[in-house]
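The values are calculated or read from the model by the stated rules, or taken from the named source; none is laboratory data. Here the structure is a predicted model, which is why all the values come from computation and not from measurement. When we count neighbours, we look across all protein chains shown, and the Cβ atoms used for this are built from the backbone with ideal geometry, even at glycine.
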2 protein chains.
Amino acid sequence: MSQQRHGSTPGPVRGDGAVQAFPDLPEATIARLPEYLRALHNLGEAGADTVSSEGLAAAAGVNSAKLRKDLSHLGSYGTRGVGYDVSLLIEQIEYVLGLDQRRAVCLVGLGNLGHALAGYDGFASRGFKIVALFDADESKVGERIHGLAVRHISDLGRVAVEEKIAIGVIATPPGAAQAVADVLVDAGVTSILNFAPCVLSVPSNVDVRKVDLAIELQILSFHEHRKASLTALPGGRSAATAGNQEAVGS
Amino acid sequence: MSQQRHGSTPGPVRGDGAVQAFPDLPEATIARLPEYLRALHNLGEAGADTVSSEGLAAAAGVNSAKLRKDLSHLGSYGTRGVGYDVSLLIEQIEYVLGLDQRRAVCLVGLGNLGHALAGYDGFASRGFKIVALFDADESKVGERIHGLAVRHISDLGRVAVEEKIAIGVIATPPGAAQAVADVLVDAGVTSILNFAPCVLSVPSNVDVRKVDLAIELQILSFHEHRKASLTALPGGRSAATAGNQEAVGS
DNA sequence: CGCGATTTGTGCACGCCTTCACAAGCGCCT
DNA sequence: AGGCGCTTGTGAAGGCGTGCACAAATCGCG
């Protein structure tokens, strides 16, 4: 595979033919890279030229040691005594995440949530382009949402192949989600973002990420429950968690 | 503290006064409980009376050993040789998650996403009730969304106290999120669900969960990137000929 | 009543991730 | 040029979570 991002600076480049993609970035690291990226963009717009691991870690809400280890995993080079070059680091992370290539996204299910997702700025601004919308409801077909016409779900398979859809977003009711996933998989889609509250069965080469808004609330509810049962007890520190969330007292 | 769900079956009850809420459920377990709960509801509606750990694990998409360990953590008792009583387990999990108490939720920011969240069925169906909507845009104030009037954000603090808001949902642009969080915290809200793509600073007794749709896509993008670099190798499959090679179907 | 089939609950080992602490490296100032 | 302060990159330790494998327990049946 060619496609080395820029030949100028040294980096994790294998000069000898095979690039071997990415050795084995820890999943936890990958999940944090987008956060670093956003922080870096903010810093860049603020005029910063370089950042220390401490500064970037604070901006991203993580431990500085963790940040350094994450960046070291992807072979990124900062400069000791100085920090990281902001724009260089942005390039590197975007390359690792594959954001230098635009990926076509389709959205299936245009209920409440799907409607909002279709117009969500965050997608376009991060290099993702929604190229097709689908719904099973005939009455919705043809409707234009944020400049894109809704198609009937029976066209999903064909269009997904034609448009080289890379990522499918499922925002249907749970009952329809598995069928949609099957069609997407048949069409060669290998990444699915699932908003439907159900488990999807897919081949092992397909990645599925799930976002369930109700689950998030239930997790918060648990912590509320826990905290509430502690406030009854005496003692100052009512709900001192050994805690997950970062809590910069500022 | 009282509120022991049913005195009949033995459980994680401390007969001696202090109940001490929940010992220390692993965070990973807590995150899975809502998934189990949903699977249980499905099974219950399907007429199942009891479930084996194997069956429930399949329905929830996890390993059966993990499921058993999770349930054992909260002291739940199944019956060896039989399985778990569906309705009893539902009760237990709902109790642990604190879903037996209705928690008031407010939603701040009624853009694209906020609008959808206001009408999202998943909240109400899980026992959460959105009791107030806020936005900074004067032109939106007074508008009724799914039966609830939008109030101006300057009322947030007062209303949050009056309505005993337990959970605040932030769906504002990132620039406004921190200010909203500060107001919520001042009003005594100790749980925040943040959809804005930014880091929030809150006191350590406040729990923040973050949902960032763009991050999910970027993680998928990485895996696409990684997979794409492998398709160059033999056995590579082109999108067109992607036969549906079944994975573990149900 | 006893036995076998079945399923839960859990001790244990392994691997991943986080965190600390520090040596190595870089730039700047004198 | 040399030394000093600052920051990165990383070895090592500890904690957490996962999954295996099996003992304990319960039910049903002969």
**Study point:** A:A60 vs. criteria at pLDDT below 95 and among the small types (G, A, S)
**Key:** no
**Study point:** Any hit, segment A:176-188, residues being closer than 30 Å to B:L25 by Cβ and touching a Leu at 6+ places or on another chain (Cβ under 9 Å)
**Key:** yes
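I'd like to verify a number: residues in segment A:26-63 that are within 9 Å of DNA strand C (Cβ to nearest atom) and among the small types (G, A, S), how many?
2
If we keep just the residues of segment A:65-90 that are closer than 14 Å to A:A39 by Cβ and near DNA strand D (Cβ under 6 Å from one of its atoms), which is surrounded by the most Cβ atoms within 10 Å (Cβ to Cβ)?
Here the answer is A:Y84.
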Exercise for review: State all residues of segment A:64-118 that are within 16 Å of DNA strand C (Cβ to nearest atom), acidic (D, E) and in a helix (DSSP H, G or I); if no residue qualifies, say none.
Suggested key: A:D70
Practice item. Name, by its number, the condition in (1) loosely packed, with under 14 Cβ neighbours inside 10 Å; (2) within 14 Å of chain B (Cβ to nearest Cβ); (3) in contact with a Ser or Thr (Cβ under 7 Å, 6 or more places away or on another chain) that does not hold for A:D24. Key: (3)
Point to revise | Exclusive hit being assigned to a helix (DSSP H, G or I) and modelled with pLDDT of 95 or more, set A:V169, A:V141, A:V183, A:V150 | key: A:V183
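Evaluate the following for B:G47: is it touching a helix residue (DSSP H, G or I) at 6+ places or on another chain (Cβ under 8 Å) and away from DNA strand D (no atom under 13 Å from the Cβ)? Working first, answer last.
Numbers: touching a helix residue (DSSP H, G or I) at 6+ places or on another chain (Cβ under 8 Å): no; away from DNA strand D (no atom under 13 Å from the Cβ): yes.
When the stated conditions are applied, B:G47 does not pass them.
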Point to revise | Matching option when the condition is surrounded by fewer than 16 Cβ atoms within 10 Å (Cβ to Cβ), within 21 Å of the chain's Cα centre (by Cα) and assigned to a strand (DSSP E or B), among A:K129, A:K164 | key: A:K129
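Conditions (1) among the aromatic types (F, W, Y); (2) out of contact with any helix residue (DSSP H, G or I) (no Cβ under 7 Å at 6 or more places or on another chain); (3) closer than 20 Å to B:V141 by Cα, marked per residue:
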| residue | (1), (2), (3) |
| --- | --- |
| B:V159 | no, yes, yes |
| B:V185 | no, yes, no |
| B:L193 | no, no, no |
| B:P203 | no, no, no |
| B:I219 | no, no, no |
Exercise for review: Name the one entry in A:L67, A:L74, A:L89, A:L37 that is of a type in the set (A, V, I, L, M, F, W, C) and within 20 Å of B:V211 (Cα to Cα).
Suggested key: A:L37
Practice item. Take A:L97 and decide whether it is more than 16 Å from DNA strand D (Cβ to nearest atom), within 14 Å of chain B (Cβ to nearest Cβ), in contact with an Asp or Glu (Cβ under 6 Å, 6 or more places away or on another chain) and at pLDDT 95 or above. Key: no
